[in-house]
């Protein structure tokens, strides 16, 4: 199914995955995708397969069975995974799904999601759960509110939405109630088979003095790499703070702690509040942190990457911001002060991308930007507030950027969402293999949604795609390591659809190219 983007930008290859009014796979005759807000944000894997939540209309559809999850992960086209009104596997015979979270999909076609059960049969004490579907099989229950938390005397009271690694491990955060211990926790199927506790409020914090325990764990969503390893930030009972990771392969280890010297600095500066940590399949991690430098009070935050064996500075508040005018410096990094914000992403080559504010001459209306190490030659500017937005009319510029409005893939390409200054328009842009920004889609433009050889142009009124990841942390992504991008588009006539763009992708993406990407990644890593 090919479409064509008609805009001030250029034509591109586009695949229509699902559209309002299409027959919904796995449903009976006369059951179609609905017309208003009928799709969730799609996710995409390296096989070019998508998965998403959709809403139905037609014969026999009611409020009890109108939502469902579909996936292409089984390899036989778009297929139904689970539908509201059907029995939730692993529960009682009368306990039915009612709704679903947006799913996460890995390269093997496995899919994880949170499901919410019909409250006419269950109550808040056991209404939510997490399931995994393994490429065409019946979904398997991983954990459920009200269910026993393995290895404890407690039960789950709350569950976060799940993450899913490339080896099929599911990760999530949970709040426990019951006997002891009680509080926040992190769980994963680290070996791809059995659910295990990673960290729990009240338990000894590795790498600290005896009796120092976890207090508040900043986990959702849990970062989980291809080996089932996690990384996270947490407060301690001593009103202390730190970052822990399993990335070195020898269990949970302390990476950095409040009060420790900042890596690579001999001025006496110390860490203050390390923010949310992310990691990749190699066990490398990245995070932002505030710190205290008595000799330089104007520089109190930065971004680091590395492992528990050593960290290196990527960017520091007060240092020149690459790609900007003389005198323009990085300002405070967002999640260096608010630990639960996610600002830094890390790809499979150990390269970071992040949003940062700036300070200095001319930054009143050009205050934020996105930077990336994806070109392999150090930190470079990807896009900046107030700069010309490629593919749009002359004079239109980027607005400000959100903390997690971007994705960095293993090829070093960055994709992001931005609103245009002085307009109500917003769009999605991505770098091609040469690092040039290309417009994927823009509100106000026309999109050919036809799934055949004809044309059917609709005006775009809204856009979204899954972002905030480097594709090896177990989080949902709409931009894969081949450069394909899956997005949701709403149209002015009330219809909507799920589409996959190959504008900035490797030519003719296929699973045969996955090995080439891996080899390219190793080459880029060696060159650095």
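When residue 130 is tested against the conditions (1) in contact with a strand residue (DSSP E or B) (Cβ under 8 Å, 6 or more places away or on another chain); (2) closer than 27 Å to residue 184 by Cβ; (3) in contact (Cβ under 8 Å) with a residue 40 or more places away in the chain; (4) in a loop (DSSP other than H, G, I, E, B), the lone failure is (4).
Checking 146, 168 one by one, the residue that is modelled with pLDDT of 90 or more, crowded, with 18+ Cβ neighbours inside 10 Å and touching a strand residue (DSSP E or B) at 6+ places or on another chain (Cβ under 9 Å) is 168 and no other. Once segment 31-40 is narrowed to residues that are closer than 13 Å to residue 68 by Cα and in a loop (DSSP other than H, G, I, E, B), the residue that is modelled with the highest pLDDT is 40. Output the residues belonging to segment 390-431 that are closer than 16 Å to residue 355 by Cβ, assigned to a loop (DSSP other than H, G, I, E, B), free of Cβ contacts under 8 Å to residues at least 60 places away in the same chain and touching a strand residue (DSSP E or B) at 6+ places or on another chain (Cβ under 6 Å). Answer for segment 390-431, where residues must be closer than 16 Å to residue 355 by Cβ, assigned to a loop (DSSP other than H, G, I, E, B), free of Cβ contacts under 8 Å to residues at least 60 places away in the same chain and touching a strand residue (DSSP E or B) at 6+ places or on another chain (Cβ under 6 Å): 399, 400, 401. Selection of strands (runs of 3 or more DSSP E) fully inside segment 205-297 by the criterion of at least 1 residues being touching a strand residue (DSSP E or B) at 6+ places or on another chain (Cβ under 6 Å), under 18 Å from residue 163 (Cα atoms) and modelled with pLDDT of 80 or more returns 214-224, 230-236, 241-245, 285-292.
Considering each of 390, 361, 357 in turn, give the residue that is in contact with a helix residue (DSSP H, G or I) (Cβ under 9 Å, 6 or more places away or on another chain) and surrounded by fewer than 24 Cβ atoms within 10 Å (Cβ to Cβ).
On the way: 390 fails: in contact with a helix residue (DSSP H, G or I) (Cβ under 9 Å, 6 or more places away or on another chain); 361 fails: in contact with a helix residue (DSSP H, G or I) (Cβ under 9 Å, 6 or more places away or on another chain).
Sole residue among the options that is in contact with a helix residue (DSSP H, G or I) (Cβ under 9 Å, 6 or more places away or on another chain) and surrounded by fewer than 24 Cβ atoms within 10 Å (Cβ to Cβ): 357.
On the basis of being within 30 Å of residue 46 (Cα to Cα), crowded, with 17+ Cβ neighbours inside 10 Å and more than 23 Å from the chain's Cα centre (by Cα), does residue 84 make the cut? So residue 84 fits the description; yes.
Quick check, is residue 93 surrounded by fewer than 22 Cβ atoms within 10 Å (Cβ to Cβ), touching a residue at least 24 places away in the same chain (Cβ under 8 Å) and at negative phi? Here the answer is no, as residue 93 does not meet what is asked.
The values are calculated or read from the model by the stated rules, or taken from the named source; none is laboratory data. Just so it is clear, the structure is predicted and the values come from calculations on it, not from any experiment. Cβ sites come from the backbone with ideal geometry, for glycine too, and all protein chains shown count toward neighbours.
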